[in-house]
Each structure stands twice: as C-alpha cells, then as structure tokens.
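Structure first, then comments.
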Amino acid sequence: MKIPDSLKRYGLAKVFDYLDKDPMNNMSKVMDLVNKFAGDTLDRQRAAFDQVINDKDSCWHQLIEKVWTQTDPNVLKTVFNNFFVNANLVGWPKQEECRKKYGCNIPWAILLDPTSACNLHCTGCWAAEYGNKLNLSFDEIDSIITQGKELGIYMYIYTGGEPLVRKKDLIALCEKHNDVAFLSFTNATLIDEAFCQDLLRVGNFIPAISLEGFEEANDSRRGEGIYKKVTDAMALLKSHKLPFGISTCYTSVNYKDITSEEFYDKIMDLGAYFIWFFHYMPVGNDAAPELMPTPEQREEIYHRIRAMRQTKGIFAMDFQNDAEYVGGCIAGGRRYLHINANGDVDPCVFIHYSDSNIREKTLLECLQSPMFMAYHNNQPFNENMLRPCPMLENPEFIEKMVKETGAHSTDPQSPESVEHLTAKTHPYADNWTPTAEKLWNESHPGCAGCTACAGKQ
Ligand code: SF4
C-alpha cells in the first residue's frame, strides 16, 4: 500500500518528538518504523544505518550521538524534516516516479551558483577578477526550486563564486522554501554573528567550509590571515550549536596533510560533522595537470580515507573513490546537476559543456535535452566504480557526448575545447587504470564481468 506523503510527514514528525526524549536508546525502534514507511527506498543505506546505531562502540554511533546532543534543537528538527523526510523518504520515490513518467534522469540534488563574485582573491581562481558580472536572480533561484519540488527535489547546494556574497537572498530563500534543505560551499569569511542568528532562525542551511589543509597551505593560496578567519567562523558556528562540514580538494601537493589523523582531529575539534573530499580536476585552459594525484598517491588516499572511517566520528565522503556507494557517476541529473551563474545547466560542477540554459528552458526540458539524455543513456560509464567519470577516467565518453549533442563550453572566462580538456585526462586515465583494476578486484572479488549493481542507488 502506498502511504500518502502527508501521512509520512505527520508520522515522522511524531517520531522525531519521541526520538528527542532519549535519542540513542529510541533510535533502533525508530528505524524499524522508518523502514516500514520507506518501503524499498534507500534500503542499502538504511541497512548500514541500522548496523551503526546498534553498535555503541562504533565511531559512527558516536557521531550520531554528537549530532543529536550538540546541535541546536530547532536546526536539528528542521534538518530531520527537510533532509531525512522530504529529500529522501518523500522526495526519492517521487523522483523515481518522475524518472519513469518523463523517460529521463531526475536528480536528488541541484547545485547552483547564485553569483560568480567572490570576496577573496585566491591564486588560480578566476572568480575575483570576473567579479559580479554573473548572477542568478532571486526569482530565478526561486523558480528553479519551485520546479524542482514538483519533481521531488528537496536538496539545493550552492557553489560559486562565493555564495555568501548573496547571503541576504539565500536566507530569504530559506524562509520561502522552508521545506527544503540547503547546503552551501563557502570560504566562511562572511559568516558573522548576525548570519549565525539567521541560520538558527531558518534552520535549513548548512555551510560546507573550504579548507586546503593547515594554515600555511590555506594562506599561501587564499591570503595572509584567511585560515584564522575561517577557523574563527567555525568556532562561532560551534558556539551556536550550528552544524557545518568541510569541503577539500586533494592534489599531488596537499593529499598527505588533508588525509592525516592530525587534520581529522583538528576539524573534528573545530566542530565539523562531515568532510567531503574532491579530486583535483584539470578543468579550464589555465588548469595545472601536475596537481592531479599520481596513481600511487590516489591509492594512498583511497586507503587512508577508508582507514579513518573505522576510527573517526566524522562523515567522510571521497567523491572520486566512493562511486561504488552511489552506483557510479551521479551527474547529468542521475542524482545531481549544476546550474552556473549564467543560467547554463551543466551535467556536473566539473563538466562545463551544456546545450541548455535555465533562462530559456524549464528544468524538465533541460533534463530531456540531448546532453542530459546522453548521460542518461551512457551511465554507468564504467563497471569499475573506481573509474566512474566520463571526463577523468573515461575521456572518450565526454568527447563523444559533446560532439554528438553539440554542447558548448560554458566556461564564463575562457571557453575550453573538449579536445584541450581530454588531452590532460587521457594520460591520467591510462596511468590510473591498472591501479583501479587491482583495487577493484581486491575489494570486489566476485564482481568480474557482473553488472548487477552498476548504475544503482
Ligand atoms: S561527471 Fe565525473 S566528476 Fe562529475 S559526478 Fe560524474 S564522475 Fe563525478
């Protein structure tokens, strides 16, 4: 029997109240109830969660306890409703329904750039020079979210530019769409007392703060004193019991620092609940391919992050090496897409080739465009989930998709041809393949030739 969304929401609101009385002891009973409501939605993830909450010694159990006891109660309740209930238990089945109805990918999350402007002048970043020439207006962002909710999308992630340059508009959007979850990549330097008060009031906005490593690594790229400003912002968030996480990009230069025990302990101490790792992508005419990790370095990163997961109470996601948990590449609307500050709808935040602009098409029309259908029809790009990407590890796919669909470069400053891009990734892909095959076969001994789970989740 299909349970109506309103009943799901009502039941789960009651669950939250019950849970809040004695969270850790009541959580396993609650999960039994959630499992009943959810049917087969996200069953693999829920099974893993069941295991964690029942193992009191696991670092993940400690993380859940920390989140529940050290987060502001209004924020916790709003995140529970908007993220767990709306974005997942209600939104996911709706996305699946729309996927079948419209014959295209329907994402779980939309990334969007409110502005190309930034308040810092980081080495190698165009945003400061490009200034505030490009912006999505309040009404445009509002329309994207309104259209998204019709398709079951309740998760919106801001990137940029520096999104908090537009913090007044972002808070107004939190108020207007108080049933969705917002997350924002940010350099954190615009987080102040007044903004913390806004976050406490709306409850549905979580910062993901960019860090390159320790003080020297940050300040040499971003400017003297920036690391201190960023850690001060974290202390302020923590003192208000506001949840936040870290976003970091590993390169051949900083990978050891940001996967070290010392770094993990530092950011946990500062109050971070999660850390998202991104692989350096050689995107753009001015990219520095030498910053891509070598196969040996990427293998070390793979092992270090997996090892830390066994002992550190922080949710760590390594996007390039964790594709097995999400069935491969999630771009092209399979689970997410990216809309830049010019309105171009990119398949991925790293793939700047598009045939659609949100100022000219509806969100659904963008998802049904040739470029997005090329993603839909070709995913997964590789059965080996350590080689998920059509640009980094399988560059022949991005070349083919761009050529066949006529997608153009959406780089606002210096458009890059796809051949220029893949000239950097072909050698990387060739070098990485033997290591990826070895790691995949070691970790998935029964998977050779099997495609049963590819593209799932
Ligand atoms: S296109 Fe590449 S970088 Fe983007 S989500 Fe897919 S695998 Fe990841």
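Suppose we filter K167, K241, K229 for residues that are on the phi < 0 side of the Ramachandran plot, of a type in the set (K, R), touching a helix residue (DSSP H, G or I) at 6+ places or on another chain (Cβ under 8 Å) and open to solvent by 30 Å² or more (accessible area, probe 1.4 Å); which single one remains?
Numbers: K241 fails: on the phi < 0 side of the Ramachandran plot; K229 fails: touching a helix residue (DSSP H, G or I) at 6+ places or on another chain (Cβ under 8 Å).
Every option except K167 fails the conditions.
From M391, M373, grab the single residue that is aliphatic (A, V, I, L, M), modelled with pLDDT of 95 or more and in a helix (DSSP H, G or I).
M373 is the lone residue from the list that is aliphatic (A, V, I, L, M), modelled with pLDDT of 95 or more and in a helix (DSSP H, G or I).
May I ask you to list the residues in the stretch 338-354 that are open to solvent by 30 Å² or more (accessible area, probe 1.4 Å), within 16 Å of the ligand (Cβ to nearest atom) and either in contact with a Cys (Cβ under 6 Å, 6 or more places away or on another chain) or under 24 Å from T146 (Cβ atoms) (or both)?
Within the stretch 338-354, just V349 meets the criteria.
Please work out which residue is most open to solvent (accessible area, probe 1.4 Å), limiting yourself to the stretch 404-439 and to residues that are assigned to a helix (DSSP H, G or I) and polar (S, T, N, Q).
Here the answer is N431.
So which residues in the stretch 376-385 are open to solvent by 60 Å² or more (accessible area, probe 1.4 Å) and in a helix (DSSP H, G or I)?
Across the stretch 376-385, the qualifying residues are H376, N377.
Tell me which of these N378 doesn't satisfy, since it passes every other one: (1) within 19 Å of L136 (Cβ to Cβ); (2) within 12 Å of the ligand (Cβ to nearest atom); (3) of a type outside the set (A, V, I, L, M).
For N378, the exception is condition (1).
Might you check whether a residue that is over 22 Å from Y428 (Cβ atoms), open to solvent by less than 30 Å² (accessible area, probe 1.4 Å) and more than 16 Å from the ligand (Cβ to nearest atom) occurs anywhere in the stretch 328-335?
Looking through the stretch 328-335, none of the residues is over 22 Å from Y428 (Cβ atoms), open to solvent by less than 30 Å² (accessible area, probe 1.4 Å) and more than 16 Å from the ligand (Cβ to nearest atom).
Can you name every residue in the stretch 68-82 that is part of a helix (DSSP H, G or I) and either surrounded by fewer than 16 Cβ atoms within 10 Å (Cβ to Cβ) or among the charged types (D, E, K, R) (or both)?
Scanning the stretch 68-82 gives T69, Q70, P73, N74, K77.
Looking at E365, E300, E360, which one is under 30 Å from D265 (Cα atoms) and either within 12 Å of the ligand (Cβ to nearest atom) or surrounded by fewer than 22 Cβ atoms within 10 Å (Cβ to Cβ) (or both)?
Details: E365 fails: under 30 Å from D265 (Cα atoms); E360 fails: under 30 Å from D265 (Cα atoms).
Only one candidate qualifies: E300.
Hey, can you tell me all the residues within the stretch 43-67 that are modelled with pLDDT under 85, within 15 Å of D22 (Cα to Cα) and open to solvent by less than 80 Å² (accessible area, probe 1.4 Å)?
Selection gives I53, H61.
If A272 passes every condition in (1) touching a helix residue (DSSP H, G or I) at 6+ places or on another chain (Cβ under 8 Å); (2) in a loop (DSSP other than H, G, I, E, B); (3) more than 16 Å from the ligand (Cβ to nearest atom); (4) open to solvent by 30 Å² or more (accessible area, probe 1.4 Å) but one, which one does it miss?
Status for A272: all satisfied but (4).
Pairs needed: first member in the stretch 386-397, open to solvent by less than 10 Å² (accessible area, probe 1.4 Å); second member anywhere, part of a loop (DSSP other than H, G, I, E, B) and more than 8 Å from the ligand (Cβ to nearest atom); C-beta distance under 6 Å; at least 6 residues apart or different chains.
E393/R387; N394/N382
Tell me, which helices (runs of 4 or more DSSP H) lie completely within the stretch 105-214 with 2 or more residues that are of a type in the set (G, A, S) and under 20 Å from L364 (Cβ atoms)?
Passing ranges, in order: 138-150.
Failed condition for S143, given (1) open to solvent by 20 Å² or more (accessible area, probe 1.4 Å); (2) at pLDDT 90 or above; (3) more than 16 Å from A341 (Cβ to Cβ); (4) polar (S, T, N, Q), with all others met?
Going through (1) open to solvent by 20 Å² or more (accessible area, probe 1.4 Å); (2) at pLDDT 90 or above; (3) more than 16 Å from A341 (Cβ to Cβ); (4) polar (S, T, N, Q) one by one, S143 breaks only (3).
Could you please let me know if M401 is outside any loop (DSSP other than H, G, I, E, B), closer than 25 Å to C98 by Cα and open to solvent by less than 10 Å² (accessible area, probe 1.4 Å)?
Here the answer is yes, as M401 does meet what is asked.
Limited to the stretch 215-243, what total is found for residues that are out of contact with any Cys (no Cβ under 8 Å at 6 or more places or on another chain) and either in contact (Cβ under 8 Å) with a residue 24 or more places away in the chain or not in a loop (DSSP other than H, G, I, E, B) (or both)? So that I can check it myself, show each step before the final result.
To start, the set of residues in the stretch 215-243 that are out of contact with any Cys (no Cβ under 8 Å at 6 or more places or on another chain) comprises 215-220, 224-235, 238-239, 241, 243.
From the residues that got through so far, the ones that are either in contact (Cβ under 8 Å) with a residue 24 or more places away in the chain or not in a loop (DSSP other than H, G, I, E, B) (or both) too are 215-220, 226-235, 238-239, 241, 243.
Summing the residues that are out of contact with any Cys (no Cβ under 8 Å at 6 or more places or on another chain) and either in contact (Cβ under 8 Å) with a residue 24 or more places away in the chain or not in a loop (DSSP other than H, G, I, E, B) (or both) in the stretch 215-243 gives 20.
(1) within 15 Å of the ligand (Cβ to nearest atom); (2) assigned to a helix (DSSP H, G or I); (3) open to solvent by 40 Å² or more (accessible area, probe 1.4 Å); (4) of a type in the set (D, E, K, R): which one isn't true of E442, the others all being true?
Looking at each condition in turn, E442 falls short on (1).
Looking only at the stretch 252-269, which residues are farther than 30 Å from H352 by Cβ and either open to solvent by 40 Å² or more (accessible area, probe 1.4 Å) or among the β-branched types (V, I, T) (or both)?
Of everything in the stretch 252-269, those that are farther than 30 Å from H352 by Cβ and either open to solvent by 40 Å² or more (accessible area, probe 1.4 Å) or among the β-branched types (V, I, T) (or both) turn out to be E261, E262, D265, K266, M268, D269.
Only one of (1) open to solvent by 20 Å² or more (accessible area, probe 1.4 Å); (2) part of a helix (DSSP H, G or I); (3) away from the ligand (no atom under 13 Å from the Cβ) fails for E324. Which number is that?
In the conditions (1) open to solvent by 20 Å² or more (accessible area, probe 1.4 Å); (2) part of a helix (DSSP H, G or I); (3) away from the ligand (no atom under 13 Å from the Cβ), E324 misses (3) alone.
So L270 passes all but one of these: (1) touching a residue at least 12 places away in the same chain (Cβ under 8 Å); (2) more than 22 Å from the chain's Cα centre (by Cα). Which condition number does it fail?
Result: L270 fails condition (2) only.
The values are calculated or read from the model by the stated rules, or taken from the named source; none is laboratory data. Being a predicted model, the structure only gives us computed values, none of them experimental. Please note: Cβ atoms are built from the backbone with ideal geometry, for glycine as well, and neighbour counts cover all protein chains shown. Just the protein is used for accessible areas: all its heavy atoms, side chains included, with ligands, DNA and RNA removed. Shrake-Rupley method; radii C 1.70, N 1.55, O 1.52, S 1.80 Å.
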